Amino acid sequence: MNILTHIDRLETIASSAGRLPRTRKVLMDLDVLLELVSLMRSDIPNDIQEAESVLDKREALLNQALLEGRRIKTAAEEESKDLVNENEITKEATQKSEELLSDAKEHADALLQDAQRKAHKAMQEAESFGENRIEEANQYAKQTLKDLEQHLSIVLNSVRRGLDSLDQIEATQIIE
């Protein structure tokens, strides 16, 4: 399950919970609520794993760019050697091979820089995404716990009033 599934489950539990008369307050099973909060906390590391997956993709892009650069360089060197071997156009071949090698290097450098930019951007997005998900989960858990605290406070106040009322009834009966 993911954190959104847990949020949906919490919403379902809250909407189907028994209501206190003349209030907007509901009664919820504390064990179910605490179990759900625990599940939400355990799913947060999954989001971090997703961010790490993005970083792995970045590494793969960098490796692919390096391999492509090497392939281009090798192809340029082989073409250069072939041109040098032709007796009539040795000078032209040397010049052409140098140009191809230079172009291949520039192309490889451009591919590498582009891959690094994309990887850096992906890494930043993954980190931001992970941080946002953690912050949202923490805020949600904090709000849920505050709501639970408020609800428990209301219930405890009701119990206290009931006990006080029973104490008054007993005191009245003893006096009579």
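Just so it is clear, none of the values below were taken in a lab; they were calculated from the coordinates. Remember, predicted model here, so these are calculated numbers, not experimental data. In this analysis, Cβ positions are derived from the backbone assuming ideal geometry, glycine residues included, and neighbour counts consider all displayed protein chains.
How about segment 85-148: which GluC sites (Glu not before Pro) there lie in a loop by DSSP and see at most 13 other Cβ atoms within 10 Å?
Numbers: sites: Glu86, Glu88, Glu92, Glu98, Glu99, Glu106, Glu125, Glu127, Glu131, Glu135, Glu136; in loops: Glu86, Glu88.
Counting only loop positions with at most 13 other Cβ atoms within 10 Å, the GluC sites (Glu not before Pro) in segment 85-148 are Glu86, Glu88.
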* Asked: In a GNM of the chain with a 10 Å cut-off on Cα contacts, which of Leu112, Leu30, Leu39 has the highest mean-square fluctuation?
  -> Leu30
* Just how large is the dipole of the chain about the Cα centre, in debye to the nearest 20, putting +1 at every Lys and Arg Cβ and -1 at every Asp and Glu Cβ? -> 880
* Charge dipole of the chain about the Cα centre (unit charges at C-beta), most positive-ward option of Gly18, Leu163, Val54 -> Leu163
* **Tilt relative to the chain, helix 30-85 - C-alpha long axis, 0 to 90 degrees, to 10** => 0
* **Those lysines that a straight Cα-Cα span of less than 22 Å connects to Lys91, excepting residues fewer than 8 apart in one chain** => Lys73, Lys81, Lys105
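What number does the chain give for Rg over Rh if you use C-alpha atoms and the Kirkwood radius? Provide the component values of the computation, followed by the final result.
On the way: Rg = 34.3 Å, Rh = 22.7 Å.
Result: Rg/Rh = 1.51.
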